[in-house]
Amino acid sequence: MGGVGDEEPATKRMKLSAGELRGLSNGSSCAEPVAGSSRDLMARPLPSEGDEQVVGSKGVIKRVEFVRLIAKALYSLGYKKSGAHLEEESGIPLHSSFVNLFMQQILDGNWDGSVDTLQKIGLSDETIVKSASFMILEQKYFELLDEEKDMDALKTLRTEIVPLCINGSRVRELSSCIVSPSFGGTPGKNIVRAKSRSKLLEDLQKLLPPTLMILDRRLEHLVEQALVLQRDACIFHNTLNEEMSLYTDHWCGKEQIPSQTLQILQAHNDEVWFLQFSHDGKYLASSSSDQSAIIWEVDVNGGVSLKHRLSGHQKPVSSVSWSPDDHQLLTCGVEEAVRRWDVSSGECLHVYEKPGVGLVSCGWFPDGKCLFSGVSDKSICMWELDGKELECWKGQRSLRISDLEITSDGKQLISNCRENAILLLDREAKVETFIEEDQTITSFSLSRDNRFLLVNLLNQEIHLWNIEGENKLVAKYKGHKRARFVIRSCFGGLEEAFVASGSEDSQVYIWHRGSGELIEALPGHSGAVNCVSWNPANPHMFASASDDRTIRIWGLSGQKVKHRGAHSNGIHLNCNGGT
């Protein structure tokens with residue numbers, strides 16, 4: 001195998017019910033005695049206890065806020081008597097009497113009264129008062145229109161809404177509902193009409209300070225946030241079926257990470273350079289310096305078997321690319337041609353070539369109707385399926401050892417354009433941005449959500465870049481070995497929470513994406529591991545390709561694969577991780 005800097009054509013490294021009022025919350029209307037209890041016998045806080053301002057061992061939870069959130073949750077869950085009892089027993093009201101009155105007035109449609117009460121509930125920010133008044137009067141205006149009281153609606157607009165002197169563009173939209181019937185066909189039909197009063201109350205809750213009106217489901221939100229933070233901090237979390245409990249802190253064991261060799265695929269006759277699972281996880285494609293590619297089928301039990309051997313390239317096959325619907329596959333020879341194959345039959349459907357130059361990479365547009373390829377003259381070409389060249393981006397757009405990706409919306413094309421730079425080309429805006437590294441870039445991989453780019457470097461580091469908006473380096477992963485060849489990495493696991501990479505020391509390395517912590521260094525191969533691919537439909541399965549001419553299928557420790565004809569087609573079952 002040649003090195004990354006070889007001048008000769010590269011070998012294997014060809015691409016080195018919300019808002020609803022819960023009841024008047026002074027507690028008097030619904031705090032009825034329940035069986036077996038008496039209001040007079042309820043436990044009352046001792047004077048010294050009642051003076052405590054915080055609860056919890058850390059001293060960061062304010063008692064008043066905590067009690068109010070619990071009361072709000074009780075009302076939201078329908079436990080109105082319990083909520084009222086809590087307010088009375090604690091002496092901490094959920095809302096002030098003015099806020100309770102205001103909420104009821106909104107639900108009753110008492111617009112003038114609610115605007116008047118708004119002035120009395122303790123708001124110091126006049127901007128908030130005006131904005132809330134605008135929302136209330138807009139609701140009044142729409143309800144009058146719905147009742148066909150156009151003159152009253154016009155009066156409300158002129159004498160109540162306009163004098164607030166805010167949101168001029170919205171005022172003009174409101175006026176068009178009356179003065180320009182043809183604007184939407186029917187007066188007032190061109191823009192959103194009256195919302196439900198409970199929805200108005202929900203919107204007001206978002207506007208007003210939470211000290212006055214607590215947002216619905218606030219306690220539930222805090223609990224969910226705590227659970228999500230625990231899950232995200234768990235470096236081994238990798239299962240959809242994990243039921244998180246409030247009774248204990250969340251923790252996953254290392255057994256959630258695929259770390260055992262389940263199968264060894266031995267159908268290639270030379271080094272295996274590249275492999276990739278299909279989008280639905282039902283197939284795996286591999287390419288080799290033996291000038292062939294193989295389509296493997298993944299059965300429901302996780303067993304992998306040879307489906308088609310794809311022959312026809314005259315040079316080693318550097319990469320493959322699945323069509324968006326997984327019905328077709330592209331294969332790219334080393335500075336040679338790109339071939340398009342039917343996955344079902346294994347038939348070659350078309351060969352894409354350019355006279356005088358070779359193709360170095362390939363990929364699909366999201367609609368599946370076009371494909372693109374990097375060219376050895378450093379350009380990028382776009383093709384129709386029938387081979388007609390649609391567009392060609394000239395200049396230094398790609399390298400001979402080049403990766404090529406396109407975002408799922410088809411707008412951004414990503415390619416190695418210089419040894420230490422990656423081009424992000426906005427096809428619509430014709431704008432170019434770059435990721436620039438201090439070291440030579442050997443390969444990269446795009447995340448499924450198009451937000452992150454995993455960049456492998458010559459100095460044995462893998463960098464994670466956020467490419468959403470301004471390009472930003474967010475993480476680095478170290479530990480694997482890379483001295484001479486192109487080593488590829490990938491995202492993987494549940495929600496792509498892990499980074500996996502090959503290595504020249506014959507091991508597969510796995511890091512937790514968020515923390516950067518190295519989780520596993522998996523032995524098994526007897527040659528450099530060139531590429532890894534994680535099954536997008538199964539977080540407990542990935543594959544690795546090696547110079548030892550084999551592909552290893554990795555799964556959970558203790559897992560056994562049931563596979564028909566396991567010893568045919570160059571497949572060896574293995575359940576202990578050894579060779």
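The values are calculated or read from the model by the stated rules, or taken from the named source; none is laboratory data. These figures come from a predicted structure and were not determined experimentally. All Cβ positions, glycine included, derive from the backbone under ideal geometry; neighbour counts span all protein chains shown. Areas reflect the complete protein model, heavy atoms only, side chains present, ligands, DNA and RNA absent. Shrake-Rupley method; radii C 1.70, N 1.55, O 1.52, S 1.80 Å.
Return the only residue of 91, 109, 83, 78 being modelled with pLDDT of 50 or more and either in the same structural domain as residue 205 (by the TED database) or in contact with a strand residue (DSSP E or B) (Cβ under 9 Å, 6 or more places away or on another chain) (or both).
Criteria check complete, one pass: 109.
The residues listed here are 243, 271, 220; of these, the one that is closer than 18 Å to residue 494 by Cβ, among the acidic types (Asp, Glu) and out of contact with any Phe, Trp or Tyr (no Cβ under 8 Å at 6 or more places or on another chain) is 243.
Condition check ((1) more than 16 Å from residue 195 (Cα to Cα); (2) of a type in the set (A, V, I, L, M, F, W, C); (3) not in a loop (DSSP other than H, G, I, E, B)) across all residues:
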{"residue": "82", "(1), (2), (3)": "yes, no, yes"}
{"residue": "89", "(1), (2), (3)": "yes, no, yes"}
{"residue": "95", "(1), (2), (3)": "yes, no, no"}
{"residue": "106", "(1), (2), (3)": "no, yes, yes"}
{"residue": "136", "(1), (2), (3)": "no, yes, yes"}
{"residue": "139", "(1), (2), (3)": "no, no, yes"}
{"residue": "151", "(1), (2), (3)": "yes, yes, yes"}
{"residue": "157", "(1), (2), (3)": "yes, yes, yes"}
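Among the residues of region 163-172, the one identified as surrounded by 15 or more Cβ atoms within 10 Å (Cβ to Cβ) and in a helix (DSSP H, G or I) is 171. Residues that are open to solvent by less than 70 Å² (accessible area, probe 1.4 Å) and more than 30 Å from residue 293 (Cβ to Cβ) were ranked within region 243-271; the one that is modelled with the lowest pLDDT is 244. Checked against (1) within 30 Å of residue 118 (Cβ to Cβ); (2) not assigned by the TED database to the domain that holds residue 134; (3) not aromatic (Phe, Trp, Tyr), residue 224 passes all but a single condition, namely (1). All conditions but one from (1) modelled with pLDDT of 90 or more; (2) in a loop (DSSP other than H, G, I, E, B); (3) not charged (D, E, K, R) apply to residue 205; the one that does not is (2). Of the residues making up region 436-463, those that are aliphatic (A, V, I, L, M) and either open to solvent by 10 Å² or more (accessible area, probe 1.4 Å) or not assigned by the TED database to the domain that holds residue 498 (or both) are 446, 458.
Within region 351-366, count every residue that is open to solvent by 50 Å² or more (accessible area, probe 1.4 Å) and under 24 Å from residue 289 (Cβ atoms). Here the count works out to 2.
The set of residues from region 228-242 being more than 17 Å from the chain's Cα centre (by Cα) and open to solvent by 40 Å² or more (accessible area, probe 1.4 Å) comprises 230, 241, 242.
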